[in-house]
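Peer 1: Sharing a structure, written as structure tokens. Questions coming.
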Amino acid sequence: MDFFEKDARRDICAVIVSYNPEPLLLENIEALLPQIHRCLVVDNGSTEQTVLQEAKRKYGIDVIELGENKGIAFALNVGLEYCAQKGYPLVLTMDQDTVLFTNAVECLLKAMLKEGAVSAGINWDQSISETKCVEYLITSGNLVTVEAAKSIGGFDEALFIDSVDFDFCLRLQDKGFTIVKVADAGAKHNLGEKTGSRWFRTHSAFRYYYISRNHFYILHKFEKSHRWFCIKKRIAFAREIVLLTLFDRERTSKYKALLQGYRDFKATYPERRGVKGI
């Protein structure tokens, strides 16, 4: 890893995927700029451009406007190709509402060097006290080598949104790469919309469609190579449905979205006669 130099930040380009961003995007960029060399925003067809244009004017960042919502994976691939063309060996993938702490990128770099990893991610849920190898990282706050990302074909655009991070990390491991979650790399992260309950964060019916469809897609793709991960994925999916049932007032429309997601998965993969459990 010859990119680890005294001023390693010059090797890093951050790619933020945006869609109708709120003012938190400005805080996100402001926290990023001292830690990296270049920042690119790939916008997925925002109809509200005020914050995006302010970010462009205030910080002089690069913006690629896709003109329509082509999904997180497509936008990340656009950013990945941008990094490759500009000669950046490292890409930091970000969503629009994550604000990294001051030394987060430095911590990610040090962990990559120490562990021989091609990907290092933030401790988004504060679940670890020591840096460790993990099965997956979330997309936001994930520092990864461009070479490794391109060697697995980038991000799977069939997923559109949801489970893009699972798929990407599992394919890196299938290629023999190491990924690490970094205990002291932190961020302020918005994990979802708040519902009427203080115990449960919910999503739109649109998002639940992809949660369902992509859940079964991930099981279909990885149940043989990552069996334990898929078991945990089933448990998490079942828990999501239970919490939806208990706490979400708009559960009926979301049940329909979950069911339609499963039906569309089955239509895409007719050879699947059923799945084991959920």
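Peer 1: Based on the mean of other beta carbon atoms within 10 Å per residue, what is the order of 166-179, 225-238, most packed first? Can you show the working numbers first?
Peer 2: Values: 166-179: 19.3, 225-238: 14.9.
Ranked by mean Cβ neighbours within 10 Å, highest first: 166-179, 225-238.
Peer 1: Moving on. Computed FRET efficiency, Cβ-Cβ of Y59 and E81, R0 22 Å: what is it to the nearest 0.05?
Peer 2: On the way: r = 22 Å, r/R0 = 1.00.
After rounding to 0.05, the efficiency reads 0.50.
Peer 1: Could you pull out every one of the lysines with an alpha carbon less than 19 Å from that of K256, ignoring same-chain neighbours closer than 8 positions?
Peer 2: K266
Peer 1: Suppose R0 equals 25 Å. What FRET efficiency, 1/(1 + (r/R0)^6) with r the Cβ-Cβ distance, do C133 and H220 give to the nearest 0.05? Show your work: numbers first, answer last.
Peer 2: Working: r = 25 Å, r/R0 = 1.01.
Calculated transfer efficiency: 0.50.
Peer 1: Right, another one. Set the Förster distance to 22 Å, then compute FRET efficiency between T268 and E48 from the Cβ-Cβ distance, nearest 0.05.
Peer 2: Details: r = 32 Å, r/R0 = 1.47.
Step by step, r from the Cβ atoms, then E = 0.10.
Peer 1: Which value, in debye to the nearest 20, gives the size of the charge dipole of segment 23-141 about its Cα centre, when Lys and Arg are +1 and Asp and Glu are -1 at the Cβ?
Peer 2: 400 debye
Peer 1: Right, another one. Within the chain, which DSSP H helices have Cα atoms that stretch 24 Å or more along the helix axis and a mean Kyte-Doolittle hydropathy of at least 0.0? Let's see the in-between values first.
Peer 2: On the way: long enough: 205-222 (25 Å, -0.32); 227-247 (30 Å, 0.82); 251-268 (26 Å, -1.05).
Helices meeting the span and hydropathy rule in the chain are 227-247.
Peer 1: A further question follows. Write out the GluC sites (Glu not before Pro) in segment 125-154 meeting two conditions: DSSP loop, and at most 10 other Cβ atoms within 10 Å of their Cβ.
Peer 2: Working: sites: E130, E135, E147; in loops: E130, E135.
Passing both the DSSP loop test and the Cβ count: E130.
Peer 1: Given H placed on each backbone N at 1.01 Å, which residues far from D43 in sequence or on other chains put an amide H within less than 5 Å of it?
Peer 2: Sorted by chain and number, the residues that satisfy this are S18, I64, E65, L66.
Peer 1: Can you match Rg and Dmax of the Cα atoms in Å to one of these, (i) 18.5, 60; (ii) 18.6, 55; (iii) 17.2, 48, based on a calculation from the structure here?
Peer 2: The listed entry that was calculated here is (ii).
Peer 1: May I pose another question? Could you rank the peptides 74-80, 149-155 by their average count of other C-beta atoms within 10 Å per residue, with the highest value first? Could the numbers behind the result be given before it?
Peer 2: Numbers: 74-80: 23.1, 149-155: 18.4.
Ranking, from highest mean packing down: 74-80, 149-155.
Bear in mind these aren't lab numbers, they're just calculated from the coordinates by the rules spelled out. Nothing here was measured: the structure is a model prediction, and the numbers come from that model. For neighbour counting, all protein chains shown are included, and Cβ atoms are generated from backbone atoms with ideal geometry for every residue, glycine included.
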